[in-house]
Amino acid sequence: MSVQVEKLEHNMAKLTIEVAVDEFEKAVEKAYHQNKNKISIPGFRKGKVSRQVMEKMYGKEVFFQDAANIAIPEAYEKAYDEVEEEIVSSPEIEVTQIEAGKPFIFTATVALNPEATLGQYKGVEVEKFDTTVSDEEVEEKINRELEQQARFESVVRPAENGDQVVIDFEGFVDGVAFDGGKAENHTLTLGSGTFIPGFEDQIVGKQPGDAFDVTVTFPEDYHAEDLAGKEAVFKCVLHETKEKQVPVLNDAFAEEKGCDTVDEYRQDVRNGLELKKRDEMRAQKEDAVLEAIVANAEMDVPEAMIKTRLHQRVDDFAQRLRMQGLSLEQYFQFTGLNEEMLMEQSREGVEKSVKARIALEAVVKAENITASDDDYEEEIRKMADEYSMEVENIKNMLGEKEAAQIRKDLAIRKAVDLVVEQAVEK
């Protein structure tokens, strides 16, 4: 196999990859064995027809397409490893020669990692971020924690907003029950806006044991078209009303949170908020610094690179959905989105991260930043802890490329620290 690299405009390149005759012949033979049980020829048992007979019947090219599909991934992977340039997109493949007795030739058009021409990257100005935690923020946090510890206790009185009620209901339109409009022992928080507008309001004032009708009109844009804009009557029975009981802020509550007194608990909450705000401000400052550096730099980012990152983003999202028991197709059905719309929603963020990475790679080069062996060993230890594995097992799993990528990522992190630390807050 041989590969030639032709540089194109806008950081694109065309790889011309030639697969030797004997190597392509192996792919053709493999394609024959994959297909021989699928082809029927009169007078021959299926799966027993020789390749020669098939090629005589259908032509020498009968297995070429499948052979190309076999040969291309392996040949491209070898070419990818051979070329010195860093390829940052999926290849666009075009077959240019596929003939009996001749080398198989195809091209792969790819994006190459762009290099940025840096402008100012040290001492860039960013807004000063305030990490002060106010008394009001502390009290809001405490109130949220009290709310989280709230319990609902049964009461016998007219229901009020904020109460939980347990109800049976069945909905009717024009006197006919409709699908999905019935439930028993359903728990509903009044005032939550969970149900159709007006439904919860008509339960306020009712008491356990009451049977009553609730009349509402479905919104015009209701997701079920057969119900949209129509008036419905729900026959309801209220079984139980529960009142929210929020804990009292006292030393006993503070002890549950690991503190001796309310004052100590309040200070603990303040410390936590300050730490969180410092982390948030650091992230915001980092974003602002990188945005300024990118704005000061010049770079030509190929669209193929962005598209590849967008597809990777969708693949990662699909994997997260699968971990939750949901397919990407189901997600599209529920949301009305499609892959193109999902990628368009992600485009701005992807472009931002790609450009920031390119600029930081230029900073690494300009400052001659490297990851030391100690840096690498510490990162491997972190990975081992995260995956509950032995350090040596992690090392054995990593190939040269993966190890080199880890070192590169560590150098990028050092570059981020450098430009953020040297930024000027105004």
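Side notes on the structure shown:
- Within region 185-226, the set of residues being polar (S, T, N, Q), outside any strand (DSSP E or B) and within 35 Å of the chain's Cα centre (by Cα) comprises Ser192, Thr194.
- Restricting attention to region 283-329 and to residues that are among the basic types (Lys, Arg) and touching a residue at least 12 places away in the same chain (Cβ under 8 Å), the residue that is farthest from Ala359 (Cα to Cα) turns out to be Arg313.
- Look at region 239-251: where a residue is within 13 Å of Ile142 (Cα to Cα) and a partner is surrounded by 15 or more Cβ atoms within 10 Å (Cβ to Cβ) and not β-branched (Val, Ile, Thr), sitting 6+ places away or on another chain with Cβ atoms under 7 Å, you get Pro247/Phe253.
- Condition met for Gln284 (within 30 Å of Asp417 (Cβ to Cβ) and either under 26 Å from the mean Cα position of the chain (by Cα) or part of a helix (DSSP H, G or I) (or both)): yes
- Per the conditions (1) open to solvent by 50 Å² or more (accessible area, probe 1.4 Å); (2) closer than 30 Å to Glu256 by Cβ; (3) modelled with pLDDT of 95 or more, the sole criterion not satisfied by Val138 is (1).
- Qualifying residue in region 370-381 (condition: open to solvent by 80 Å² or more (accessible area, probe 1.4 Å), farther than 19 Å from Asp315 by Cβ and touching a helix residue (DSSP H, G or I) at 6+ places or on another chain (Cβ under 9 Å)): yes
- Of all residue pairs spaced 6 or more apart or on separate chains, those with beta-carbon atoms under 7 Å, a first member in region 191-203 that is at positive phi and a second member that is surrounded by fewer than 15 Cβ atoms within 10 Å (Cβ to Cβ) are Gly191/Asn161; Gly191/Gly162.
- Residue match in region 78-88 (condition: crowded, with 21+ Cβ neighbours inside 10 Å and touching a Leu at 6+ places or on another chain (Cβ under 6 Å)): yes
- Residue check for Glu9: part of a loop (DSSP other than H, G, I, E, B), under 30 Å from Met305 (Cβ atoms) and of a type in the set (Asp, Glu): yes
- Against the criterion of being under 22 Å from Tyr121 (Cα atoms), open to solvent by less than 30 Å² (accessible area, probe 1.4 Å), in a helix (DSSP H, G or I) and in contact with a Ser or Thr (Cβ under 8 Å, 6 or more places away or on another chain), Ala362 qualifies.
- Matching residues, region 406-426, being outside any helix (DSSP H, G or I) and either open to solvent by 50 Å² or more (accessible area, probe 1.4 Å) or within 18 Å of Val354 (Cα to Cα) (or both): Gln422, Val424, Glu425, Lys426
- Region 253-280, subset among the small types (Gly, Ala, Ser) and under 37 Å from the mean Cα position of the chain (by Cα), residue surrounded by the most Cβ atoms within 10 Å (Cβ to Cβ): Gly272
- Selection from region 96-120 of residues that are surrounded by 14 or more Cβ atoms within 10 Å (Cβ to Cβ) and either touching a Pro at 6+ places or on another chain (Cβ under 9 Å) or part of a strand (DSSP E or B) (or both): Phe104, Ile105, Phe106, Thr107, Ala108, Thr109, Val110, Ala111, Leu112, Pro114
- Per the listing Val214, Val204, Val176, Val246, the residue uniquely open to solvent by 50 Å² or more (accessible area, probe 1.4 Å), touching a helix residue (DSSP H, G or I) at 6+ places or on another chain (Cβ under 7 Å) and of a type outside the set (S, T, N, Q) is Val246.
- Within region 293-337, the set of residues being out of contact with any helix residue (DSSP H, G or I) (no Cβ under 8 Å at 6 or more places or on another chain), exposed (fewer than 14 other Cβ atoms within 10 Å of the Cβ) and of a type in the set (Gly, Ala, Ser) comprises Ala295, Gly325, Gly336.
- Filter pass, Ile167 being closer than 11 Å to Leu238 by Cβ and open to solvent by less than 40 Å² (accessible area, probe 1.4 Å): yes
- Exactly one residue out of Val62, Val53 is in contact (Cβ under 8 Å) with a residue 12 or more places away in the chain, β-branched (Val, Ile, Thr) and not in a strand (DSSP E or B), and it is Val53.
- Filter result (among the charged types (D, E, K, R), assigned to a helix (DSSP H, G or I) and touching an Asp or Glu at 6+ places or on another chain (Cβ under 9 Å)) within region 292-318: Arg309
- Glu351 vs. criteria open to solvent by 40 Å² or more (accessible area, probe 1.4 Å) and part of a helix (DSSP H, G or I): yes
The values are calculated or read from the model by the stated rules, or taken from the named source; none is laboratory data. As the structure is a computational prediction, the values presented were derived from the model and not from experiment. Here Cβ is always computed from backbone atoms with ideal geometry, including for glycine, and neighbour counts include all displayed protein chains. SASA here: full protein model, heavy atoms, side chains in, ligands and nucleic acids out. Shrake-Rupley method; radii C 1.70, N 1.55, O 1.52, S 1.80 Å.
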